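Note sheet for the following structure.
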Amino acid sequence: MTTTSFAQPTLTPPPTLTDPTKLQSKTVPDMQPFSIEKLYMTRSVGGTTWSPDGKQVAFISNLSGRNNIWLVPASGGWPMQLTISDQRQTQPAWSPDGDWIAYMSDHDGDEQWDIFLVSPKTGDVVNVTVSPESAEEEPTWSPNEKQLAYVSKPKTGSSFEIDLMDIATRHVEHLTPNTPKELSNYRPIFSRDGKFLIYTQVHAAGKDSSIFLLDLASRQSINLTQHEGEHTYSADDISADGKTILITSDAQNGYDNVGLLDIATKKIGWLTNDRWQIHAGAFSPDGKSLTWTADVDGNSDIYTYDLASKRAEALPLKTGVNSLGGNPLPYTRDGSKLLYYHDGADAPSDVWAYDIASKQSQQVTHSLVAGLRSADMVEPYLVHYPSRDGKWTIPALVYVPNNIQRNGKYPAIVYIHGGPAAQTVNSFNRFIQYIVNQGYLVIAPNYRGSTGYGKAFNDANLGDAGGGELHDVLNAAEWIKKSGLVDPKKLIVMGGSYGGYLSMMAVTKAPDMWAAGVPIVPFVNWATEIANEDPLLREYDLATMGDPVKNKALYDDRSPINFVDQIKAPLLLLAGGNDPRCPKEEAQQVADAVKKHGGKAQLKIYENEGHGFARVENQIDAYQRVSDFLKVHVPSPGCGCSIYE
């Protein structure tokens, strides 16, 4: 494949190592004590989509305690609930004629998604897929609104395929049949004239992907990004003339960058050449500019790029995580406004509309309710420490409670993100803000295998799950101990999903380090995990860990269930009854084994939840349990309260 690069690196290079003694506690007079209930009554805002006339925004929110669809004027105002359901909903997409909004919904977190249509005028709802034994995701309207493209996977299968439904007849055609089990197809995008689709085909390991063009007349697919070795190419938008694809790829320099793929020649012209995570957005409706986002060490900015002058400009937005909204596009049809989300340490994610002409932002939703003050929230420090093997510099966010002294008496939580291909970013975290308010420090490391730091860092845990990445987690604990703020006997490890797995690895492989552990929706046994998880995730795990027969010694060594007898810290485990990723049996076998060996383990399974907790009352119950557990086993002198208050 031929590529052309005319972009030069423009973003700040990674900083040097951080001295832990430089951490400071901020003095905040009359600081408000938080409660779990108050923090979890702040609203969560999910996917968004513009109405065709640009006057309304449909968005997902848990205003009612469930993730349903709401409508709000684009200028802001009081939202109106459109769907009323006990089940969670996501990915709304407004039809071009304005008659329907497509969305996804599953049952009690089982991830067997169906696609629904709701009328924004009457609220009438219809399930157009009705398939409990398969998952349908990513609904995408054709330009003439007569068809709906989406991805579909049988419950027993491992590959997502592209399907096309005729809305009038409900007839479904499978556009990409017989995809190999280790591959899946995602993100169907229609050309403006509706003559072809672009989609991205991804290997199960997530380290290699290609962009395909599917001609809707011949039903033939062409690989536009054939390449040697492992590189990721993903399609984000198609130009109005149908000649160019806006893409994100790590092929240029091992970091995600933005390029323009010429369909006729299959050549790529690179627009960015940075050593951070740059992700393409969309073309403006007039085709004169485009957007991308730049994630620099956990803070994200939105850029517009003028194609004629070849100049990029960052939008004047608040520091935090700024990301593009809208489905399928962030722009209104006339290109006058751009929809985006702002999320920061001091306030939950909200929807904003950016006026292109005036360069001003209008807040559309308001999530920070329940009488909370942003001034009482803690802004994290961005720190960097060396890995134990000297191969990497590990970034982390550190939250220091307000109004505490440097007396070495405070507990600290090592808070581990899931994935592992994910990243802790400078966004609002309800539990972290609560527990820091109670006098606990938090360090959230982006261990090797995390996204946001290039392909080499992201690939560094391949075939080594629970190895070097665990040492990165343990080094986070060692680093925070040197701050002079922390009691080394009051260290806590906590995480969800893969972070729950690493929490279990931590308490089994370094048992003397921890005063308590809180694994949330964890897996603990590679053999049972692979046997019971969703087939697509099984392909991912096999690609990551290798053959379970040939690598049996590795599988055994990296399964914390085999070392439960080493655990010294009390555990609190939380799980979802319908979790297809880390089935509840994973947490159950830990609790049973710990008790068998005379240890302390509490287990709570939320039977109407999946991988994580969507219902507000379950979120409140779960994190109140965590709070009570920590205050009993690892109390903080800065708390000034008891579990009975």
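The values are calculated or read from the model by the stated rules, or taken from the named source; none is laboratory data. For clarity, every value in this text was computed on a predicted model and none was experimentally measured. Because the Cβ atoms are built from the backbone with ideal geometry, glycine has one as well, and the counts that use them run over all protein chains shown. Accessible surface areas use protein heavy atoms only, side chains included; no ligands, DNA or RNA. Shrake-Rupley method; radii C 1.70, N 1.55, O 1.52, S 1.80 Å.
Screening TYR341, TYR303 for residues that are of a type outside the set (D, E, K, R) and over 13 Å from ILE278 (Cα atoms) leaves exactly one candidate, TYR341.
Conditions (1) touching a residue at least 60 places away in the same chain (Cβ under 8 Å); (2) under 27 Å from the mean Cα position of the chain (by Cα); (3) crowded, with 18+ Cβ neighbours inside 10 Å; (4) not in a helix (DSSP H, G or I), marked per residue:
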| residue | (1), (2), (3), (4) |
| --- | --- |
| GLN588 | no, yes, no, no |
| ASP592 | no, no, no, no |
| LYS604 | no, yes, no, yes |
| GLU617 | yes, yes, no, no |
| TYR623 | yes, yes, yes, no |
| LEU630 | yes, yes, yes, no |
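Condition check for GLY157 on (1) touching a Pro at 6+ places or on another chain (Cβ under 9 Å); (2) within 23 Å of ALA422 (Cβ to Cβ); (3) part of a loop (DSSP other than H, G, I, E, B): one failure, at (2). The residues listed here are ASP301, ASP334, ASP306; of these, the one that is more than 15 Å from the chain's Cα centre (by Cα) and buried (at least 18 other Cβ atoms within 10 Å of the Cβ) is ASP301.
For segment 471-489, the set of residues classified as more than 14 Å from PRO411 (Cβ to Cβ), out of contact with any Leu (no Cβ under 6 Å at 6 or more places or on another chain) and either in contact (Cβ under 8 Å) with a residue 40 or more places away in the chain or of a type outside the set (Asp, Glu) (or both) consists of HIS471, ASP472, LEU474, ASN475, ALA476, TRP479, LYS482, GLY484, listed by residue number.
Residues checked against (1) of a type in the set (Val, Ile, Thr); (2) in a strand (DSSP E or B):
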{"site": "GLY408", "(1), (2)": "no, no"}
{"site": "ALA412", "(1), (2)": "no, yes"}
{"site": "GLY418", "(1), (2)": "no, no"}
{"site": "TYR434", "(1), (2)": "no, no"}
{"site": "ILE443", "(1), (2)": "yes, yes"}
{"site": "GLY449", "(1), (2)": "no, no"}
{"site": "TYR453", "(1), (2)": "no, no"}
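A single entry from GLY598, GLY577, GLY638 fulfils the requirement of being under 24 Å from ILE36 (Cβ atoms) and surrounded by fewer than 16 Cβ atoms within 10 Å (Cβ to Cβ): GLY577.
Filter segment 226-282 for residues that are among the hydroxyl-bearing types (Ser, Thr, Tyr), assigned to a loop (DSSP other than H, G, I, E, B) and farther than 23 Å from TYR453 by Cα and give the result.
Quick first cut of segment 226-282, residues among the hydroxyl-bearing types (Ser, Thr, Tyr) only: 232-234, 239, 244, 248-249, 255, 265, 272.
Within this subset, residues satisfying the condition of being assigned to a loop (DSSP other than H, G, I, E, B) are 232, 239, 255, 265, 272.
SER239, THR265, listed by residue number.
Looking only at segment 106-114, decide whether some residue is outside any loop (DSSP other than H, G, I, E, B) and either over 25 Å from ASN608 (Cβ atoms) or touching a Phe, Trp or Tyr at 6+ places or on another chain (Cβ under 9 Å) (or both). Looking through segment 106-114, none of the residues is outside any loop (DSSP other than H, G, I, E, B) and either over 25 Å from ASN608 (Cβ atoms) or touching a Phe, Trp or Tyr at 6+ places or on another chain (Cβ under 9 Å) (or both).
Out of the residues in segment 83-93 that are in a loop (DSSP other than H, G, I, E, B) and hydroxyl-bearing (Ser, Thr, Tyr), which is most open to solvent (accessible area, probe 1.4 Å)? Break it down stepwise before answering.
The initial filter retains those residues of segment 83-93 that are in a loop (DSSP other than H, G, I, E, B), namely 83-88.
From the residues that got through so far, the ones that are hydroxyl-bearing (Ser, Thr, Tyr) too are 83, 85.
Values: THR83: 4, SER85: 37 Å².
Out of the qualifying residues, it is SER85.
Of all residues in segment 491-542, those satisfying the criterion of being assigned to a helix (DSSP H, G or I), open to solvent by less than 10 Å² (accessible area, probe 1.4 Å) and farther than 11 Å from SER559 by Cα are GLY499, GLY500, SER503, ALA506, VAL507.
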